[in-house]
Amino acid sequence: MTDDNFQRTEDSFRNLSAVRGAPGFGFDAPFDRTGTGSSKWARAGAPGAIPMGLADMDLPGPPAVAEALERRARHRAYGYTVCDPVGRALVADWYRTRHGATVDPDWVLLLPCGPRTALRVLLEAVRPQAPVLFPTPEWGGFAQLCRAAGLPYRELPLHPPHPPHPGPGPGGYRLPSDPLPRPVGAVLLSNPHNPSGTVWPADAVRDLAARAAESGALLISDEVHGDLTHPGRAHPVAVNTADPAHRHRVVTLNSVGKTFNCSGIPSSFALVPDPGLRTRFTEALAGYGLWEGGLLEQTVQQAALREGGPWLDALLAHLATARTRLTDRLGPAVRSTPRASYLLWLDAAALGLPPADARRALLERCGLEASDGADFGPGGQGSLRLNYALPGPVLATVLERLERL
């Protein structure tokens, strides 16, 4: 692919006026990421390509977070910090107001690391003696973390969407309802689903938590996309959705990173109802030099949870509009219409792309970089994942380029 293939180059997307002063929060205005070291743009792989693979938004984050960081930076002491217990109450209040979920502040651990690291350390704290189970297609990090921890794992095929290509219709993958293979040490779940954006029904999450508990296993629900549930949908928070009798065997992991576009500042929080597991988890974290709190992490978390609600509401409306525009255009290639986050899961063959080499073909034909479905396990073969958290002008260009298929 040469520059002549695409009249607009990467620089024409990046060297644009800043969003400051734009109407609303700037989601429909050009947004410049030049000089930020964006890994998403670095992996685009070709001149003029629009990166749509990495789950990272090309949209301006909440003003409240930027302002909080600026205020804290003006105090020129950046030493060790203690954990502010106010943060636990903020997390509990967030779940109550955003999701109608009851979360005891005592369950909350405020972590100075990203969700991936938190999950890795949690697995060490649990030390499952039997295989770890998770559905497929699924975020590839689950398999990677199990391999790094030396834990055996088994992938359970999700029930495919019905009808197979729902386009703008309901569709959606379904969680396996069969008895869990035994023995089982832990069950991992991305909730909502990554890569398809499916919002799992509350009764399905409750049932999975019950089957995990009955097998003596822990259900670990990765809910980093949970706050990005689109308008009209409810996110079932696992620790709240599970039957109280099984709650001690459920952990929810979350972060403001995906929600508020600040994943470059590692932070997360865990909801751990079982006090013994909380102790083991914090001890395992300390073994890696990680303690609750953290200077930048707490600054970002508290600003986002206190003041980020209006920004998030505007973002969700923007994402729902972008989803509709893309699913209307791509029709039967959409394996499952997303109801959360900003990820679109596509059938490569229905796009007219070679399933075995679809990522390269899409890049060459349209200048659009995607995630290869093979990265999401055996159930992802022949699929592509696109990130549509883009400014309005870039989304319009994406739609134009898709006409080349």
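The Kirkwood radius of segment 40-177, taken over pairs of alpha-carbon atoms, gives through the Stokes-Einstein law at 25 °C and 0.890 mPa s a diffusion coefficient of 123 µm² s⁻¹. Annotation: peptides 103-111, 190-198, ranked by per-residue average of other Cβ atoms within 10 Å with the highest first, follow the order 190-198, 103-111.
The dipole here belongs to the chain: it is taken about the Cα centre, uses +1 on the Cβ of Lys and Arg and -1 on the Cβ of Asp and Glu, and is about 200 debye.
The modelled label-to-label distance for the pair residue 203/residue 33, using points 7 Å beyond Cα in the direction of Cβ, is 4.1 nm.
Segment 128-250: Rg/Rh from Cα coordinates, Kirkwood Rh? Don't skip to the end; give the middle numbers.
Values: Rg = 14.1 Å, Rh = 14.8 Å.
So for segment 128-250, dividing Rg by the Kirkwood Rh gives 0.95.
Kirkwood radius, segment 227-279, all distinct C-alpha pairs, inverse of mean reciprocal distance: 12.7 Å. Quick one: net charge of residue 172's neighbours, Cβ under 10 Å, K/R +1, D/E -1? Charge balance in the 10 Å sphere: +3.
The fraction of Cα-Cα pairs per 5 angstrom bin, counted from 0 for segment 218-335, comes to 2, 10, 15, 18, 18, 15, 10, 7, 4, 2, 0 percent, rounded to whole percents. Of all DSSP beta bridges confined to the chain, the antiparallel ones make up roughly 50%. Of the residues 185, 378, 336, the one whose Cα sits farthest toward the positive end of the charge dipole of the chain, with +1 on the Cβ of Lys and Arg and -1 on the Cβ of Asp and Glu, is 185. Average accessible surface for segment 156-299: 36 Å² per residue, computed with a 1.4 Å probe over protein heavy atoms with every protein chain in place. Look at the dipole of the chain built from charges on Cβ: of 316, 25, 267, the Cα furthest out on the positive end belongs to 267. What is the chain's relative contact order, in percent, from Cα pairs under 8 angstrom and six or more apart in sequence? Answer for the chain is 24 percent.
Considering every Cα-Cα pair within the chain, what fraction, in whole percent, is farther apart than 29 Å?
Details: 35768 of 81810 pairs.
Everything past 29 Å amounts to 44 percent.
Using a ≥ b ≥ c from the Cα gyration tensor of segment 247-405 (square roots of the eigenvalues), is it rounded, prolate or oblate, where a/c under 1.5 gives rounded and otherwise the larger of a/b and b/c decides, a/b for prolate? Don't skip to the end; give the middle numbers.
On the way: a/c = 2.57, a/b = 1.79, b/c = 1.44.
Judged from the Cα gyration tensor, segment 247-405 comes out prolate (a/c at least 1.5, a/b above b/c).
The Cβ shell under 11 Å around residue 135 holds other residues with a net charge of 0, Lys and Arg each +1, Asp and Glu each -1. Can you give the local net charge around residue 204? Use residues other than it whose beta-carbon is closer than 11 angstrom to its beta-carbon, Lys and Arg +1, Asp and Glu -1. Net charge around residue 204: +1.
The values are calculated or read from the model by the stated rules, or taken from the named source; none is laboratory data. As the structure is a prediction and not an experimental result, all values here were calculated from the model. Ideal geometry is used to build each Cβ from the backbone, glycine not excepted, and the neighbour counts take in all protein chains shown. These area figures cover heavy atoms from the full protein model, side chains too; ligands, DNA and RNA do not enter into them. Shrake-Rupley method; radii C 1.70, N 1.55, O 1.52, S 1.80 Å.
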